[in-house]
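The values are calculated or read from the model by the stated rules, or taken from the named source; none is laboratory data. Fair warning: this is a prediction, and the values are worked out from it, not measured in the lab. Every residue, glycine among them, receives a Cβ derived from its backbone with ideal geometry; neighbour counts consider all protein chains shown. Surface areas here come from the heavy atoms of the whole protein model, side chains and all, with no ligands, DNA or RNA. Shrake-Rupley method; radii C 1.70, N 1.55, O 1.52, S 1.80 Å.
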Amino acid sequence: LQQKNYQGNVDSGTLASAMVKARIKSTESDLINTVLAQPNPIEYLDLMYHIQTIRTLVDTIIASGDKASSVVSNLRSYLQNSASEDRKQIDLSASIQTILKVFGHEIKNKATMHFDVPQVFLDAYENKLYQLWSNIIKNAIEAIADDGTIEITYADKGEFHSVTIRNNGPKIAAEVMDNMFKKFYTTKQNQKGTGLGLSIVKRIVNDHNGQIYVTSDDDWTSFEILLPKLQEN
């Protein structure tokens with residue numbers, strides 16, 4: 001930063017430190033030029049920093065609210081009677097894509113998504129399927145590192161539709177594999193998990209007379225869900 005590039009008598013070292021504090025990258029030339037054009041760039045950068053701090057606090061409040069809502073929703077889902085919803089004909093592909101739209105922002109920021117599920121139909125509880133996909137996809141997003149991969153694919157397994165949701169996060173330990181579908185079992189620290197998500201998944205699969213299989217190695221963790229096809233009349 002050269003003195004001639006901005007107004008005032010602030011030394012370049014102080015200005016550079018203020019830019020770092022305001023999280024301005026050296027590649028953001030347009031933003032840097034905007035700062036340098038200000039009558040008092042230090043005050044401008046200080047304002048930017050405080051706005052970012054407020055935004056972070058707001059995001060934290062929103063995330064906490066979402067978490068509380070999720071806990072209540074999971075508890076309510078677990079306690080609901082499976083007979084409280086009527087079964088109907090469901091488009092399997094559209095059902096999963098509805099949940100992908102819900103998590104669209106998180107997926108875009110963190111993962112590469114591969115989706116290949118055709119339009120096939122089954123007799124199912126619509127809201128319960130949403131809960132099923134939501135819990136597994138949410139776990140996949142949480143499991144991967146930044147720039148991870150999530151794949152959702154379909155296979156015809158005779159009497160069943162097979163949907164496999166896999167991610168390239170770390171391998172699941174054997175102890176976790178043995179307990180993951182148990183009520184209130186969680187590996188999430190600091191009370192971040194209720195331990196109900198996968199137990200709800202298992203119950204929903206059972207409600208549909210389906211099956212679920214989990215495999216995990218150093219490359220992929222896969223959840224395969226088998227759901228019965230529509231019965232021909």
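Would it be correct to say that D91 is over 17 Å from the mean Cα position of the chain (by Cα) and open to solvent by less than 40 Å² (accessible area, probe 1.4 Å)?
Working: over 17 Å from the mean Cα position of the chain (by Cα): yes; open to solvent by less than 40 Å² (accessible area, probe 1.4 Å): yes.
So D91 passes the test.
Looking only at segment 215-233, count how many residues are in contact (Cβ under 8 Å) with a residue 24 or more places away in the chain, open to solvent by 30 Å² or more (accessible area, probe 1.4 Å), under 25 Å from the mean Cα position of the chain (by Cα) and closer than 19 Å to T153 by Cβ.
4
The lone criterion from (1) modelled with pLDDT of 90 or more; (2) open to solvent by 30 Å² or more (accessible area, probe 1.4 Å); (3) within 21 Å of the chain's Cα centre (by Cα) left unmet by K192 is number (1). You will find that of A111, A68, the residue that is open to solvent by less than 70 Å² (accessible area, probe 1.4 Å), over 30 Å from A18 (Cβ atoms) and modelled with pLDDT of 75 or more is A111 and no other. Please specify each residue of segment 34-47 satisfying the condition of being open to solvent by 40 Å² or more (accessible area, probe 1.4 Å) and touching a residue at least 12 places away in the same chain (Cβ under 8 Å). Listed by number, the residues that qualify are A37, Q38, P39, N40, I42, D46. If I filter segment 124-138 for residues that are open to solvent by 30 Å² or more (accessible area, probe 1.4 Å) and hydrophobic (A, V, I, L, M, F, W, C), do I get at least one hit? No: segment 124-138 contains no residue that is open to solvent by 30 Å² or more (accessible area, probe 1.4 Å) and hydrophobic (A, V, I, L, M, F, W, C). In the set (1) part of a strand (DSSP E or B); (2) hydrophobic (A, V, I, L, M, F, W, C); (3) open to solvent by 10 Å² or more (accessible area, probe 1.4 Å), A145 fails one condition alone, (1).
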